[in-house]
Amino acid sequence: MAVVDLHVHSTASDGEYEPAAVVRRAAKLGLAAIALTDHDTIAGLPDAIAAGAALGVEVITGCEFSVAAHWGEMHLLAYFLPAEDGRLSAYLEEQRAKRVERAWKIVVRLNSLGIDVTLDEVMVAADGGAVGRPHVARVLVARGVVPDVDAAFRKYLGWRRPAFVPKNLPPIAEVTALVRGLGGVTSAAHLKDRATRSTLRKLRAVSLDGVEVRHPMHDEVTARRILQLVEELHLLPTGGSDWHGDGQEPADRASLGELGVPEAWLTAIQELHQQRISPSEAVT
Ligand code: AMP
Ligand code: FE
Ligand code: FE
Ligand code: ZN
């Protein structure tokens, strides 16, 4: 049975490997397809798609958006986005600008704690990609402030830690509408125990298409429970490793392709995408 991975990061956001290197790794592992789902950008896709064409790996144009849920921040994966769309580019550009602003606020917080880091260093660590806390964490490691990235999150950058700055998040419906309008398909990422029947119903009511069932933060029991709900509510199951690279990873990460997501899940997403881009066919 062919295996795919529908949640993967590269240097276009906070991953460690260049998009083409991610695809080379997928080819070596014999994966049939991957979705590159960088945070707030699709800039890694052209290189990934070119590498995929050369190596026989299907590369799906994905993205991981951050949106507001009733509990706080939720991540929304999107699949089959158009490579070029003015509205989507403008939206993503705005989110990335907000990321820079937030990185600056985090740096100011760290400075007030007596830690000598600059926004410039953080931006160099991001190397043109969508900047996030992992880049700040890598600077803190390089400066010897903390021993590793995990410690940077535990001590300073994580939820309720002294340098935590919340994102300014759009409502879910804004992003699901944008993605759907472009023929794309959405999935709520790593919901863990928040994937209750009532929450999934609410999310479905704001045009969510799918739910991430397999994810390194979901144990077997959680994944089985979410899959049952997804089937009951006629949502689509998705899954992926959320791979960011090999080093400096917390224990609840998986390696690329490790979750053995069946190709049939991708086929169902693709069919929904096809219906959306050719609605006349769906009617006749
Ligand atoms: P941000 O988008 O700036 O809020 O950063 C969130 C990203 O940080 C997530 O997508 C993960 O890639 C990463 N992350 C979160 N917690 C940890 C951790 N404990 N160690 C390493 N990376 C983490
Ligand atoms: Fe990330
Ligand atoms: Fe995420
Ligand atoms: Zn992710």
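Annotations
- Considering residues of region 54-68 that are over 21 Å from VAL100 (Cβ atoms) and surrounded by fewer than 20 Cβ atoms within 10 Å (Cβ to Cβ) only, the residue nearest to the chain's Cα centre (by Cα): GLU58
- Among (1) more than 16 Å from ligand 4 (Cβ to nearest atom); (2) closer than 28 Å to THR267 by Cβ; (3) in a helix (DSSP H, G or I) - the single one LEU92 does not satisfy: (1)
Listed here are the residues, each with its yes/no results for (1) away from ligand 3 (no atom under 16 Å from the Cβ); (2) touching a residue at least 60 places away in the same chain (Cβ under 8 Å); (3) not aromatic (Phe, Trp, Tyr).
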residue	(1), (2), (3)
VAL8	no, yes, yes
ALA20	yes, no, yes
LEU29	yes, yes, yes
ALA33	yes, yes, yes
THR37	no, yes, yes
GLU64	no, yes, yes
LEU76	no, yes, yes
ALA90	yes, no, yes
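- In region 101-137, the residues that are away from ligand 2 (no atom under 16 Å from the Cβ), of a type in the set (A, V, I, L, M, F, W, C) and in a helix (DSSP H, G or I): TRP104, VAL107, VAL108, LEU110, LEU119, MET123, VAL124
- Restricting ALA21, ALA51, ALA32 to those that are among the hydrophobic types (A, V, I, L, M, F, W, C), touching a helix residue (DSSP H, G or I) at 6+ places or on another chain (Cβ under 7 Å) and surrounded by fewer than 20 Cβ atoms within 10 Å (Cβ to Cβ) reduces the list to ALA32.
- Residue, nearest to HIS190 (Cα to Cα), within region 35-48, restricted to residues that are within 13 Å of ligand 4 (Cβ to nearest atom) and surrounded by fewer than 24 Cβ atoms within 10 Å (Cβ to Cβ): HIS39
- Residue within region 41-50 that is closer than 21 Å to GLY260 by Cα, touching a residue at least 40 places away in the same chain (Cβ under 8 Å), within 14 Å of ligand 2 (Cβ to nearest atom) and not in a helix (DSSP H, G or I) present: no
- The residue that is farthest from LEU92 (Cα to Cα), among those in region 1-25 that are away from ligand 2 (no atom under 12 Å from the Cβ), part of a strand (DSSP E or B) and aliphatic (A, V, I, L, M), is VAL3.
- Count of region 162-185 residues, restricted to those that are among the aliphatic types (A, V, I, L, M) and under 22 Å from ILE60 (Cβ atoms), is 7.
- All positions within region 158-172 that are in contact with a strand residue (DSSP E or B) (Cβ under 7 Å, 6 or more places away or on another chain) and of a type in the set (D, E, K, R): LYS167
Read-outs throughout are calculated quantities, based only on the coordinates presented, and are distinct from any laboratory measurement. Quantities reported herein were computed from a predicted structural model and do not represent experimental measurements. When we count neighbours, we look across all protein chains shown, and the Cβ atoms used for this are built from the backbone with ideal geometry, even at glycine.
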